[in-house]
1. Please verify whether the range A:542-549 includes one or more residues that are within 16 Å of B:A100 (Cβ to Cβ), touching a helix residue (DSSP H, G or I) at 6+ places or on another chain (Cβ under 6 Å) and not polar (S, T, N, Q).
2. Looking at B:D38, B:D73, can you tell me which residue is more than 14 Å from chain A (Cβ to nearest Cβ), loosely packed, with under 15 Cβ neighbours inside 10 Å and either more than 30 Å from A:Y316 (Cα to Cα) or among the aromatic types (F, W, Y) (or both)?
3. Whether any residue in the range B:83-91 is of a type in the set (A, V, I, L, M, F, W, C), closer than 30 Å to A:G557 by Cα and in contact with a Ser or Thr (Cβ under 6 Å, 6 or more places away or on another chain) is what I want to check.
4. Take B:F59 and decide whether it is exposed (fewer than 13 other Cβ atoms within 10 Å of the Cβ) and of a type outside the set (A, V, I, L, M).
5. Could you grab me the full set of residues in the range B:2-35 that are more than 20 Å from A:K545 (Cβ to Cβ), surrounded by 14 or more Cβ atoms within 10 Å (Cβ to Cβ), touching a residue at least 40 places away in the same chain (Cβ under 8 Å) and touching a Ser or Thr at 6+ places or on another chain (Cβ under 9 Å)?
6. Quick one: which residue in A:T398, A:T406, A:T421, A:T413 is over 24 Å from A:A508 (Cβ atoms) and hydroxyl-bearing (S, T, Y)?
7. Restricting to the range B:75-128, name every residue that is in contact with a strand residue (DSSP E or B) (Cβ under 9 Å, 6 or more places away or on another chain), closer than 30 Å to B:I56 by Cα and among the β-branched types (V, I, T).
Amino acid sequence: MNSWFTDGGRFAIVSYPTANANVYWLSPTEQRGYTELWVADMSNPETPAPMARITDYTQDVEFLACVFKTKPIPPFDPQYEYEVRCYVTCTYKVGASENPYAFTMRCRVAVVNTTLNTTVLDMTGQNWGASLNIYIENDVFIDGPYMYAYFGNDDATAGEDICGIGICGFRRNKADGTYFDVGSSIAQGGGCWISRKWMRENLGVDIYPEEAEPDPEEEDPNEDDDGYSGPGGGDGDHDHSTDDIGIPSLPTLSATGTGFVTLYKCNLAQIRAVAAELWTSTLWDLIKNLFTDPLQFIIGLAICPCTPDLLQGGYYPTIGNVLGQDVKLSTPLQVVSNQYKEIDCGTIQLNKYYGSALDYSPYEKIQIHLPYCGSHDLDVDEVMGSTIGVKYHCDVLTGACVAFVTITNDETTACVRYQYTGNIISHIPITERSFDEVVKSVAAMGAAAVGTLATAAGGGGAIGEGISSGEGGETDSVSMSANGGNVMTVKPNIMRTGTLSTALGLLACQKPFITRTIPRQSLPLNYKTYEGYPSNITETLGSLKGFTKIYSIRPNGFTCTADELDELVSLLKGGVIL
Amino acid sequence: MTIQLYQTISPPERVTKTLNAVGAAMTGTIKEESSIIDPIIKISAAFLPEANYLYINEFKRYYYINNVICDYDGIFEIHAHVDVLMSNAAVLRKQKAVVAKQQNRFNLYLNDSDYRTYSDPYVITKEFPTGFTDPCYLMLMVGDYSSSS
C-alpha cells in the first residue's frame, strides 16, 4: 500500500479512479487509468474514507515547480551512495477534461570530495500524450540538515492547469542492493494546495487539530474526563541538530597587574633566598614602619602543578615605600602575567569495540579520571565513537580549576558536554596558623568524603564522592536488570577514586585517563541461523532468506482455515526458515 | 483420495521443504470424522512405508506424518498433521510483516534482550597525551614589582 500522508498522519492523498467507487493506491511503479486526487481520512487505515476531491489547480502552467524538502538527514558520508526517489502523481486539466499523470523519478546523489554529483538514473512514467515533462532541475542540493530536489515542468501546453502531489524518499544505498531510508517528506509543489488552510476551508477539518476547549454546558459533572483520548502525536520536528558549545576563553580580568598583589613563580633557590632575606636587619630596618612581622607581606606560598604565563625576565618584589625609598627584595623573581591558565590534555579516540548495541549502555561503562577533579561517569551512549578532549581552565591565584570534557563526532566539533571543578593549589604553610589551616582543610575534605553515601545503581548516574578519601569502593545499591542473561546490567559501578583536590591531587595521577569496562560477549557459533539478529523492518517475506521471526503480520489472501492460519502466524512469530 | 508419500529431512521450520517421493502416488481412504488439519488416512501397502511426509491431492495440503498404526496385515493407518508452512508457501511469501529477527537483514545496533555476556569484562584504560607536567612554586606578595633592584 502506498499512500502519501500529511504530517499529522490522519489524512492522506490518494489517487482515485473517476469511474470506480473503490480507492486504488498508486504505487511508485504502477500506473492507473484516469485518476483524480482525493483527500482521504485515514483514521482506519484498512478502509480509507475519501473525503473530497482536490480541485485546487494552479493557474501557472508555464513552469510547475516542486521543491521536495526532506526531513533532517544525517551528514553525507562519502563511503555511501545516496539516492533520491520521487514519486509524483498529478492531474492536469485542459478546459473541462482532466487527465492523470504519474511517474517515478530516481536521481543518484553521490558525494565526491564533498561535492554533490547528481545523475538522473531513470524517469519512468507516461506522458499520456500531453506535454508534461517533469525533470530534476539542476542538482539536488543540501542546506543544513535538509536536502532539496527541485523539479520543474516548462513544457506544459498553454491553457493547462495542474494539480499534483508527490513524495520524495531519500535513501542511502548499501553494497548488497538494500538501503537505509534516511529521510522523506511530503512534497508540496506549486500546483498542490494540500495545506491546513485548504483542508479547513474545503473539508472543515484541520490536519493538526488544536485541542478543543471543553464546552462547559455539555460537561457532565459526574463524568471523569481525565482519560480523554483523541488523535494526536507524531508532530515532532525530528530536529536533532545540535549547537556546539565551545570552551570559553580565559577571563580577561585578572588580579595580576593591579599593583595590590603580585604573584611570582619561584624555584627552590629563590624561595630560600627570600626566606633568608626576610630576617636580615637591613630589610627589617626598612619595613618595620610598614609591618610588624616580615611575613606579613608574603600572603601565601603554594605548589602549582602547572606553570602559568610569565613576564620575560626577572623582577624585584617591591613591598612598599619608606621615606621616598622603595623597599625591594634583592632576589629577582619571575612575575606571573596572567592568573588564568589553560591546560590542554589532548584527545583520545573512543572506538567501538563491537560495532553493535554492546558498545552502548547498559553493556559498556566508561569513567573518566580527571586530575584534581576526581572520577566521573560518562554517558557511554553519548561519547561512544567520538573523540574525547579534556582541557582545564585554572586560576593559579585561588587554585580553582574547571575541567572541560568535549566531544567531537559527526554532529559536533569539540562541544563541551561535561564540566567538573576542583582545586589545583597545594598550599605550603609559612606560619603556624597557616599550617593549622592546611591540615584542617585536608581533614575536612576527607570527612566530607566519608560522610557522602554512594548512591545510584550499576550503569550510570553521578555517584558522587568516594566512600573514603583517596580510596575506591563499591556502590551501595545495584539495579537488577530484566535482561536475565546479561551480567553487565547488574554489575555495580565501581568508584575508583575519592576526593582528589589540592594537596591530595598532587599525589595522584597528573594526566587524565578513561577506564572502559567492555563486556565480553558470549556468542554461540552460527547464532544468526538459529536465532537471527534484531531486524525491526517491514518487508515482504518472499524477499527474505534464512531464519526469520516476525513481530506482526496482517495475513491476506490465505484460503486455509482459521486454525491453520493461527498456527501459521504462531510459527512465524516463533521463527521459520524462508 | 490420492496421496503421495514423501521422505523429508528438512527442519520443520523451513517453509519450503525438500521432498523425496516414496513410491508412486497411491489411493487412500480417509477415516470417518477426520479433519483436514489432522486427517487419519488408511492405505494398503505391502510394508511400512518409510515416509514421514505426505501430500493429499484432494485437500491441496502437505502433512507431517505423526504416527502410523498397523491395523492388520497390509492396512496402515496414517495419522497426519497439516504443514501450514509448506501448504501455504506461495501466499506466505507475498505477505508483508514486521520482522523481529532475521538471519541476513538485521541491525546490530538494535538492542536484544538475548545478548549474553561473560561475567569477566575487559577493563581497559586509555591515558590522555598530556596533563599537569610542569609544577612550580608560586609566591603571592603584597605590592608591585620593579625591573631594577
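The values are calculated or read from the model by the stated rules, or taken from the named source; none is laboratory data. As the structure is a prediction and not an experimental result, all values here were calculated from the model. With ideal geometry, Cβ positions are generated from the backbone for all residues, glycine too; neighbour counts draw on all protein chains shown.
1. Scanning the range A:542-549 turns up at least one residue that is within 16 Å of B:A100 (Cβ to Cβ), touching a helix residue (DSSP H, G or I) at 6+ places or on another chain (Cβ under 6 Å) and not polar (S, T, N, Q).
2. B:D73
3. yes
4. When the stated conditions are applied, B:F59 does not pass them.
5. B:I3, B:G28
6. Answer to the check: A:T413.
7. Answer for the range B:75-128, where residues must be in contact with a strand residue (DSSP E or B) (Cβ under 9 Å, 6 or more places away or on another chain), closer than 30 Å to B:I56 by Cα and among the β-branched types (V, I, T): B:I75, B:I78, B:V82, B:V84.
For (1) under 28 Å from A:D344 (Cβ atoms); (2) away from chain B (no Cβ under 12 Å); (3) modelled with pLDDT of 70 or more; (4) assigned to a loop (DSSP other than H, G, I, E, B), each residue gets a yes or a no:
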site: A:T282; (1), (2), (3), (4): no, yes, no, no
site: A:F291; (1), (2), (3), (4): no, no, no, yes
site: A:I299; (1), (2), (3), (4): no, no, yes, no
site: A:A302; (1), (2), (3), (4): yes, no, yes, no
